[in-house]
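Working notes, beginning with the structure itself.
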Amino acid sequence: MKKIVLFFAVIAMSAITISFSSCSKDLNLVEEESDNVLSLVEEESAVVVSGGFRAIGVPPCIDLSCLDLCGEVQEVRLMAGQQYEAGKVYVVNTSEKLFVGYLTTGDWKMSAIHLYVGACDMLPVNNAGNLVPGNFPHKVEFTELQSFYYVEIPLSELPEGCVCVAAHAEVVRVVDNEIVQSETAFGEGDKVGKNWFMKFDYCIAVCEDEPPVEVCYQDETAWVAGTRYVTKGNWATYTPYVANTTVDIFAGQNYLVGTATFSEVVDGKVTITLAALNGARLQDVAESVKIQGYNATPPSKNPAPGKFTTYKGTETTVTVDAFAFYGIHLDVQRVIDCPE
C-alpha cells in the first residue's frame, strides 16, 4: 500500500476562525496562534451533523501521512456560482474507508456541506433530473465558518468499483470582516439535469499487498546449552535439571535460536517448553525434537539422538519423567542472509 506524504497540507497559513450572526454581516475574526491544519477545524460541537456516516473535523494526523492510502488523491475544483473557484475537493480511499475533503481558499469560507457518494443511478434528483443537495445523505452545518473539513465513509457502505461523488457546499466570501457574497458550490464535474449542479466519478482504488519479505533459512543441529558430552569432536551438550529455569538453545554451536524452560516436578513429571528466537523454526521432519533423560552422569561418549527414548516428536511443550540431566537435541532452521 502506498503512503501519501502530502494531503491537505497545502494549508500553510495562519488559521482564522470566523464567527457570524444570521442577523448581521458584521463578523468577529479571531486569529489563532497555530499555523497548522488542525487550527482550521473546529471542535465537533461546532457542527450539526446528519446522515449515516462518521464525519470528523480533526484528521488523524495533520497531513494524513499516517494513513495507508490506496492509489492517488483525486482533486477537483470547488466551483462557486458556476464561475468562481472557491477551493478544492479531494477524494481518496484506504483499504477500509473513503475520504472526501473540502478545502476553501482565498476569501471563501464554508457554512455547510452536503455530500453524496454512491451508485450513479441513485443520485438524489427531482422530477426534472436536477440534483437536490438537501436530500444528500451526508450533511454538515457549521455554527462557525470553516476553511477545511473532511468526511470518512466506510467502503462497506459503498458499491465496488466506481462511484459518483456530488460534493456540495454553501460558501460565502469574506472581505474586511464582512460577508460580501454567498454562493452554492459544487465539486467540478459533469452537469446533472438542466441546471449546472455537478457530480464527478471516483474509482475506488484497490490496495495492493506489500510483497512478502523473503526469508532464507539454513538447516542446523541444535542443543540446549550445558556441558559437553565429550571434550573433543562433537559439541553436543546436556543440561542439569533446575526447576523454573530457562536455558539457551544454540544451533551450529554459536547461533542462539531459542530457549528451553523447565517446570517444577509435579507427580514425577517435568514440563519442558521450547521457544524460538531470532526467527528460527523447527525443520519440517517427523522427529525434530529428541530428548534423553539421565539420572546419573550422562555417558562420556558422543550421543546418538536417533536412539533417544525419553521423547521424540515435534511438540514444543513436552511433559516427561523427571531426571537429573537432559540431553535435548533439535533439528532447526536458522535465518541467514539471502543470496543476491
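The values are calculated or read from the model by the stated rules, or taken from the named source; none is laboratory data. Given the structure is predicted, the values throughout are model-derived calculations rather than measurements. Cβ: placed from backbone, ideal geometry, glycine included. Neighbour counts: every protein chain shown.
Quick check: is even one residue across the stretch 66-84 modelled with pLDDT under 90 and in a loop (DSSP other than H, G, I, E, B)? Yes: one or more hits.
Could you say whether any residue in the stretch 204-220 is closer than 30 Å to Val265 by Cβ and in the same structural domain as Val265 (by TED's automatic domain parsing)? Looking through the stretch 204-220, none of the residues is closer than 30 Å to Val265 by Cβ and in the same structural domain as Val265 (by TED's automatic domain parsing). Against the test of being touching a Gly at 6+ places or on another chain (Cβ under 8 Å) and either farther than 19 Å from Gly313 by Cα or among the acidic types (Asp, Glu) (or both), the options Asn302, Asn295, Asn244 yield a single qualifying residue, Asn302.
Scanning the stretch 305-319 for residues that are surrounded by fewer than 16 Cβ atoms within 10 Å (Cβ to Cβ) and assigned to a strand (DSSP E or B) returns Gly313, Thr317, Thr319.
From the list Glu141, Glu160, which one is part of a strand (DSSP E or B), touching a residue at least 40 places away in the same chain (Cβ under 8 Å) and closer than 25 Å to Val125 by Cβ?
Values: Glu160 fails: part of a strand (DSSP E or B).
Result: Glu141 is the single residue among Glu141, Glu160 that is part of a strand (DSSP E or B), touching a residue at least 40 places away in the same chain (Cβ under 8 Å) and closer than 25 Å to Val125 by Cβ.
Restricting attention to the stretch 135-165, the residues being crowded, with 16+ Cβ neighbours inside 10 Å, in contact with a helix residue (DSSP H, G or I) (Cβ under 9 Å, 6 or more places away or on another chain) and among the β-branched types (Val, Ile, Thr) number 1. Could you please give the count of residues in the stretch 107-125 that are free of Cβ contacts under 8 Å to residues at least 60 places away in the same chain and outside any strand (DSSP E or B)? Counting residues in the stretch 107-125 that are free of Cβ contacts under 8 Å to residues at least 60 places away in the same chain and outside any strand (DSSP E or B) gives 4.
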